[in-house]
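Here is the structure we will look at.
The values are calculated or read from the model by the stated rules, or taken from the named source; none is laboratory data. Every value quoted in this text rests on a predicted model; they were computed, and no experiment measured them. Cβ coordinates were reconstructed from backbone atoms using ideal geometry, including for glycine residues, and neighbour counts include every protein chain displayed. Accessible surface is based on the protein model in full, side chains and every heavy atom, while ligands, DNA and RNA are left aside. Shrake-Rupley method; radii C 1.70, N 1.55, O 1.52, S 1.80 Å.
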Amino acid sequence: QVQLVQSGGGLVQPGGSLRLSCTAPGSIFRTSTMRWYRQAPGNQREFVASVTIVGATNYADSVKGRFTISRDNVKNMVYLQMNNLKPEDTAVYYCNALRNGDQMWGQGTQVTVSS
């Protein structure tokens, strides 16, 4: 089973920053659009950001200007740099690989924004 492995996350105060990382096997990573989703308690999982194979990015309106997604095609890593974090960003964040209509998910990592 393909596995996306995430790292990063934790507890941060409002206005702070965190970076999430995710890696996938190279054969998957190189041919996948990489995405981040999040799910807050009681809410549905929602799209956060995506980056295509060629580096085109897309963001949810709620994170535009604060979050940056990037990928390193040598290290097979995708990152989510989160700045100016707000309490409403608190959620479990999931890495996602989309390839030919198939999706693969990371294990999820908790991000808590609280003073």
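Magnitude of the charge dipole for the chain, about its Cα centre and with charges confined to Cβ atoms of Lys, Arg (+1) and Asp, Glu (-1), is about 200 debye. Going by accessible surface with a 1.4 Å probe and the largest first, Leu80, Leu18 read Leu18, Leu80. All other residues whose Cβ lies under 13 angstrom from that of Ala97 are scored, Lys and Arg at +1 and Asp and Glu at -1, for a net of +3.
Close amide H pairs (under 5 Å, H built 1.01 Å from N) link Arg66 with no residue at least 5 positions away or on another chain. The mean sequence separation of alpha-carbon pairs under 8 Å and at least six residues apart, normalised by the residue count of segment 17-115, gives a relative contact order of 32 percent. How much of the accessible area of the chain, probe 1.4 Å, is carbon plus sulfur, in whole percent? With neighbouring chains kept in place, the figure for the chain is 46 percent. Summing charges over all other residues whose Cβ lies under 9 Å from the Cβ of Val78, with Lys and Arg as +1 and Asp and Glu as -1, gives +1.
Our summary gives segment 56-102 a relative contact order of 25 percent, counting only alpha carbon pairs under 8 angstrom and 6 or more residues apart. A Förster distance of 22 Å, applied to the separation of the beta-carbon atoms of Asp61 and Lys86, puts the FRET efficiency at 0.95. A protection proxy built from the mean count of other Cβ atoms within 10 Å ranks the segments 20-33, 48-61, most packed first, as 20-33, 48-61. The residues neighbouring Ala40, those whose beta-carbon lies less than 15 Å from its own, together hold a net charge of 0 under the Lys/Arg +1, Asp/Glu -1 convention.
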